[in-house]
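To start, the structure itself, in structure tokens.
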Amino acid sequence: MSTSDTLATLLDTMIDLICLMEEESELLALSGPRGNIEAIAQAKIRLANRMEAQSAALSRASPGWIEALEGDDRRALAETSEDLHRAATVNSAVLERQLELSAEMLSAVGKELERVTGRGGATYSRRGDVRRRRSSPPLSVNGKF
């Protein structure tokens, strides 16, 4: 396989990864039920691994291949790399916000659980000591701890 063919395959993989990240970002931005985010995450990992393997193959076959690119090939790689960077930046921000929301939700559920079960309070002893309970009740979401 020539350098041009391998580069074309690499660019296709990068474009597939861009599309997948954009799809995931859109799904995560929606309220309510979403598609299978786990499958998208696994596909992103596979594409990133494929992209890394293709890049390594290009480097083995032709060290300095990036510097040797000219014309349309150089432009295509630069544009696709910029698009990939943009998509990854947006995807990262959406994922970080989703994780923050999940942490806030779990914290609120935990506090409500402590309030409802009465396990979150403090005990006042006859000597004037105030002791906070260290153990918290187990918290499960969808039946899983």
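Just so it is clear, none of the values below were taken in a lab; they were calculated from the coordinates. Computed from a predicted structure; not experimentally measured. Every residue, glycine among them, receives a Cβ derived from its backbone with ideal geometry; neighbour counts consider all protein chains shown.
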Space enclosed by the convex hull of the alpha-carbon atoms of the range 3-118, per residue, Å³: 119 Å³
Give me Lys44, Lys111 ranked fewest to most by other Cβ atoms within 10 Å of their Cβ, as a rough exposure proxy. Lys111, Lys44
What ranking of Met105, Met51 emerges when the number of other C-beta atoms within 10 Å of each C-beta is taken as an exposure proxy, fewest first? Met105, Met51
Exposure proxy ranking, count of Cβ atoms within 10 Å, fewest first, for Val109, Val94, Val116: Val116, Val109, Val94
